[in-house]
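Structure first, then comments.
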Amino acid sequence: MPIGQRAAALRLQVETALAGRVVAPLEYRDRSVVETVSAGIAEIDELTGGLPRGCLTEVFGMAGSGRTSLLLAALAARTREGEVCALVDGRDAFDPEAGVAAGVNLRQLLWVRCKNIEQALRATDLLIQGGGFGLIALDLSDVAAWVVRQVQLSVWFRFRRAVEGTATILFLMGQESNAKTCASLVLRMKGEAGAWRETARETLPETGAQPRLAVPQGCLLEGTKSWAEVVRSRMQTEDGWARGNRVMSIDARKIEGKQMDATGFVAKTAWNYLDGDEGGDKF
């Protein structure tokens, strides 16, 4: 049998064996050029270029860093466009009321409530294989960091390969970066102390009683600041350069009554790019 026919037969054999598990295993795919959609926050879109479809995006940071606000904004943006999304909640910590306040259409959201990381990983695997979701979010923020560290790198690699060639955004959240090179986009979030304003004191009638605060808590959250940093990006800009390490300051100042709508990020100052190379490094 000629070499060309043997190669074609071998190619057919490999594709048949991997059918249903790997999309087009022998076709070349340029992973740096991908379709992106809005993250729901203009500042994040400006920094990253948007969330890449068919890729794994990892967002990490400690509590109060703004990672959950970014997740809710992304879910709101996708469900607003009529896409069906899935949230794999690693420790059953999602607040539906907060989601509705952020603009998430719960009718377009599948909420998978898990009790441990094993359930969360298994559910994520099933959802990716099932397909049809615009965004699948795996929230491991409330899982102990040392537990997430024990997840083998091969798991994140398998997830990345499973979403390649699809329109699904795989969104991973945690306290630390664990997917590392398996992720096409890695964002580090960092929060600063919030600014609090003391509420006005009521003027009581001439009863001799001491004045009291108009709000029992005594303070209102006036604003908070978050930092978003691109740690890793395989996506290219329009001029062909990869987006390198950049830091952007985001100032959230939107208040509704006693609560702050954390997804209402409004830029109060110009971006502060801390690296000297505007184009960044290629990966």
Out of curiosity, is GLU97 among the acidic types (Asp, Glu) and over 16 Å from the mean Cα position of the chain (by Cα)? yes
Please work out if VAL104 is of a type outside the set (S, T, N, Q) and in contact (Cβ under 8 Å) with a residue 24 or more places away in the chain. yes
Restricting attention to the stretch 92-105, does a residue exist that is open to solvent by 10 Å² or more (accessible area, probe 1.4 Å), in contact with a Cys (Cβ under 9 Å, 6 or more places away or on another chain) and more than 26 Å from ALA228 (Cα to Cα)? no
Would you mind telling me which numbered condition in (1) under 17 Å from the mean Cα position of the chain (by Cα); (2) of a type outside the set (Gly, Ala, Ser); (3) under 18 Å from SER177 (Cα atoms); (4) open to solvent by 60 Å² or more (accessible area, probe 1.4 Å) LEU153 fails? (1)
Tell me whether the stretch 110-121 contains one or more residues that are part of a helix (DSSP H, G or I), open to solvent by less than 20 Å² (accessible area, probe 1.4 Å), without any contact (Cβ under 8 Å) to a residue 60 or more places away in the chain and more than 15 Å from ALA183 (Cβ to Cβ). yes
Does ARG113 qualify as being touching a strand residue (DSSP E or B) at 6+ places or on another chain (Cβ under 8 Å) and closer than 28 Å to GLY64 by Cβ? yes
Out of PHE133, PHE159, report the one residue that is touching a residue at least 24 places away in the same chain (Cβ under 8 Å) and open to solvent by less than 10 Å² (accessible area, probe 1.4 Å). PHE159
Starting from the stretch 77-91, keep only residues that are farther than 9 Å from ILE136 by Cα, then list their pairs with residues that are among the basic types (Lys, Arg) whose Cβ atoms are within a distance under 6 Å, requiring at least 6 positions of separation or different chains. ASP89/ARG113
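The values are calculated or read from the model by the stated rules, or taken from the named source; none is laboratory data. From a predicted model like this one, the values you see are computed outputs, not experimental measurements. Methodologically, a virtual Cβ is constructed for each residue, glycine included, from the backbone with ideal geometry; neighbour enumeration extends over all protein chains shown. These accessible areas exclude ligands, DNA and RNA; they are computed on the full protein's heavy atoms, side chains included. Shrake-Rupley method; radii C 1.70, N 1.55, O 1.52, S 1.80 Å.
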